[in-house]
Amino acid sequence: MEIKKSIAIIGGGTAGLSLAYNLTQIGHDFKLFERSDGLHDNGLGFLIMANGLKLLKQMGLHQQVCDQGVLIDEYVSHHKTTGNTSKTNIGDCLAISREDFLNTIKVNLNKEQLFFNKKLIEIEVDQESKKKKLTFQDGHTEEFDIVVASDGFHSDLRNFLFPGHPKQLVPYKEVVGMYKDKNTVAALQHQFIKFNDPESGFNVGIIPGNTDTVLWFIQMNVNKVKCPENNQEAIKAFVKEISNHIPDEYNHILNNTETSKLYLWTLFNVDLVESFHVNDIVLLGDAAHPLLSFTSQGVNSALEDSCLLSKLIINKESFELFNEKRKPVIAEYLYEGRNLLDQFIHPEKYDNFKVPFIQLSK
């Protein structure tokens, strides 16, 4: 009887949970370890684009996920300097809160395979057996044949494989928030609305996340805008100031957001690592290739990663195929994301502005 390789998934974000779901569908055993005590809404939400929706259909999750989010029909851009308003039909774009999305996947998983409050503190690779011994903060140890690192942007496992891999701080930060109000969601009418003021150094985006939740963000050029300290009182004061620069019909969204639902994000530019796998340790999603938020391809690329990796595992194919297929795609995401960042940081260089996300064909 053939013995299947044991698999550990480190991290319960989009990449980790979607891989767990795909492995469940093909009857492959695994254990998923998440460092926190549950699935949190840090990051608040995202856009699932055509490529991500296509994969959700293949996974059989499309309707479940769409029921939890809002399909976005139109991107509406208000440019302060020119006074112009432009509208772009989107199509095949779903806005959803991070919590709703992750929980939609989680309910399809066996709870006995999910382990929370499991912070990985050490990994040792036996050079003969190639087994990976994992040690967690609570003292638990266990060995696995395959370890999948889906532990996010600040991946400990990426650092284990590629210590000191450089990351460049960019002059850009984001404040994100979540506001609950059914009437406001209805008034948005399936639109992604953005107020662009790059000359002053900030943009404000507003998106419906579900039937009663609005997701919003403030993008700031820290060369032009004084960034708040990373505490909720300072962030709240900053949000109040920025809200004065958008129309009254929208500024109540920012002002009425609960302080506990405000987050400040620092972004980094990270080059591709040499390989997405070493000794059957595979990097997935943000752990493999952190993307700038401008792309809106973080969640979509995580789905692409997990679907491909699950096929390679079930077909017992080399993880080198993961490199061959994913690195060119991720390189394109990185290139386009950096262009969008440059467009925001240096608006004087551009006559025409791209739609601020990467939308791929179906």
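Checking (1) 1.37; (2) 0.96; (3) 1.01 against Cα Rg over 2.2 N^0.38 Å calculated from these atoms, the matching label is (3).
Rounded to the nearest Hz, the phi-derived 3J(HN,Hα) couplings of the range 193-203 under the Karplus curve 6.51 cos²θ - 1.76 cosθ + 1.60 (θ = phi - 60°) are 10, 9, 9, 9, 9, x, 5, 7, x, 8, 10, where x marks glycine and proline. Of the residues ASN84, LEU109, ILE123, the one whose Cα sits farthest toward the positive end of the charge dipole of the range 77-131, with +1 on the Cβ of Lys and Arg and -1 on the Cβ of Asp and Glu, is ASN84.
Full extension from HIS165 to VAL125: what is 0.36 nm times the residue separation minus their Cα-Cα distance, to one decimal in nm?
Going from the current span to full extension adds 12.4 nm.
Look at the Cα gyration tensor of the range 221-316: its axes a ≥ b ≥ c give a/c of at least 1.5 with a/b over b/c, and that counts as prolate. With the cut-off at 1.5 for a/c, could you classify the range 137-211 from its C-alpha gyration tensor as rounded, prolate or oblate? Judged from the Cα gyration tensor, the range 137-211 comes out oblate (a/c at least 1.5, b/c at or above a/b).
Among 7-20, 259-272, how do they line up by average Cβ neighbours within 10 Å per residue, starting with the highest?
7-20, 259-272
One Cα centroid belongs to the range 142-167, the other to the range 264-338; the line between them spans 13 Å. With 0.36 nm allotted per residue and the present C-alpha distance subtracted, the THR211-GLU74 stretch has 47.6 nm of extension available.
Computed over the chain, the per-residue total of -39500 (n - 2.57) for DSSP H runs of n ≥ 4 gives a 222 nm mean residue ellipticity of -9500 deg cm²/dmol, rounded to 500. Listing PHE162, PHE46 from fewest to most neighbouring C-beta atoms within 10 Å gives PHE162, PHE46.
Under a Gaussian network description of the chain, with springs only between Cα atoms under 10 Å, the residue in ALA149, ALA302, ALA50 that fluctuates furthest is ALA50. Based on the alpha carbons, how large is the Rg to Rh ratio for the range 54-137 when Rh follows Kirkwood? Here Rg/Rh amounts to 1.24. Put in line by how crowded their Cβ is, counting other Cβ atoms within 10 Å and starting with the fewest, LEU334, LEU71 read LEU71, LEU334. Segment ASN269..ALA187, full-extension length gain: 25.9 nm, with 0.36 nm per residue of separation and the alpha-carbon distance subtracted.
Throughout, read-outs are computed from the coordinates displayed, never taken from laboratory work. Keep in mind that what you see is a predicted model, and the values were worked out from it rather than measured. Methodologically, a virtual Cβ is constructed for each residue, glycine included, from the backbone with ideal geometry; neighbour enumeration extends over all protein chains shown.
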